[in-house]
């Protein structure tokens, strides 16, 4: 959200955090897909012109079905994996890229597939770092605890990776601890790459609004007070009003997204 607001100051941004059901990273692919369909359906009901799936786990499991449904609606859809992969390949000097993410993102293998599709000879390592999310949300992303956890998770990557994709939107908050554990590795934050890719996507579809004054609105499905605390930590300032919304089981099915309701 912060990267998009910086890159696209003229656009109105509508953020929906499914705080009643997170974390997605430890859930099955089918469950992540079902929840993602409901979220997308709710946003489409509100008339958005484009959708950014700003979650690596949701991108891993739900992007193909979301993109297909969006094409039917004339709403372009972008995930965070492809932009991160493009940036990593541009940065890598020795052809050895590592990815860290949630259990679901690593298990889904989307980063590895995308990297090897573009560069078949690439060496790719992937490591799940689930505690990083909790550290970021608790505000423990700096100091001894974060550094010790990073050292433990990232020890297998000291063997030669030259580039590391931060494959979760929480992980950039721990960039200091991660860089301390891997001082010679270039870090790739997919947020900035995704913002650039979003600008290109909007331009390609004649949807780009270049004038300033865009508005930011925040929707959550639970825990408004906690979201204020965590969100302000990420964005570095007050969020303003946060709206509590109810995601209906049939929100996704109304737009042709299968399996949105739990059966």
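The values are calculated or read from the model by the stated rules, or taken from the named source; none is laboratory data. This one's a predicted model, so the numbers in the text were calculated from it and none came from an experiment. Methodologically, a virtual Cβ is constructed for each residue, glycine included, from the backbone with ideal geometry; neighbour enumeration extends over all protein chains shown.
Restricting attention to the stretch 215-260, the residues that are surrounded by fewer than 18 Cβ atoms within 10 Å (Cβ to Cβ), at pLDDT below 90 and more than 26 Å from residue 133 (Cα to Cα) add up to 8.
Does the stretch 138-154 contain any residue that is surrounded by 14 or more Cβ atoms within 10 Å (Cβ to Cβ), in contact (Cβ under 8 Å) with a residue 60 or more places away in the chain and touching a helix residue (DSSP H, G or I) at 6+ places or on another chain (Cβ under 6 Å)? No, the stretch 138-154 contains no residue that is surrounded by 14 or more Cβ atoms within 10 Å (Cβ to Cβ), in contact (Cβ under 8 Å) with a residue 60 or more places away in the chain and touching a helix residue (DSSP H, G or I) at 6+ places or on another chain (Cβ under 6 Å). For the stretch 28-44, does any single residue satisfy the condition of being outside any helix (DSSP H, G or I), in contact with a strand residue (DSSP E or B) (Cβ under 6 Å, 6 or more places away or on another chain) and at pLDDT below 95? The answer is no; no qualifying residue exists. Taking every residue in the stretch 190-218 that is on the phi < 0 side of the Ramachandran plot and without any contact (Cβ under 8 Å) to a residue 40 or more places away in the chain and pairing it with any residue that is surrounded by fewer than 15 Cβ atoms within 10 Å (Cβ to Cβ) and assigned to a helix (DSSP H, G or I), at least 6 positions away or on another chain, yields no pair with a Cβ-Cβ distance below 7 Å. Would it be correct to say that residue 51 is more than 20 Å from residue 101 (Cβ to Cβ) and in contact with a helix residue (DSSP H, G or I) (Cβ under 8 Å, 6 or more places away or on another chain)? Yes; evaluated as a whole, the condition is true for this residue. Each residue in the stretch 176-194 was checked for being out of contact with any strand residue (DSSP E or B) (no Cβ under 9 Å at 6 or more places or on another chain), crowded, with 20+ Cβ neighbours inside 10 Å and either in a loop (DSSP other than H, G, I, E, B) or modelled with pLDDT under 95 (or both), and 1 of them qualify. Screening residue 93 against (1) surrounded by 16 or more Cβ atoms within 10 Å (Cβ to Cβ); (2) out of contact with any helix residue (DSSP H, G or I) (no Cβ under 6 Å at 6 or more places or on another chain); (3) outside the structural domain of residue 196 (by TED's automatic domain parsing) leaves a single unmet condition, (1).
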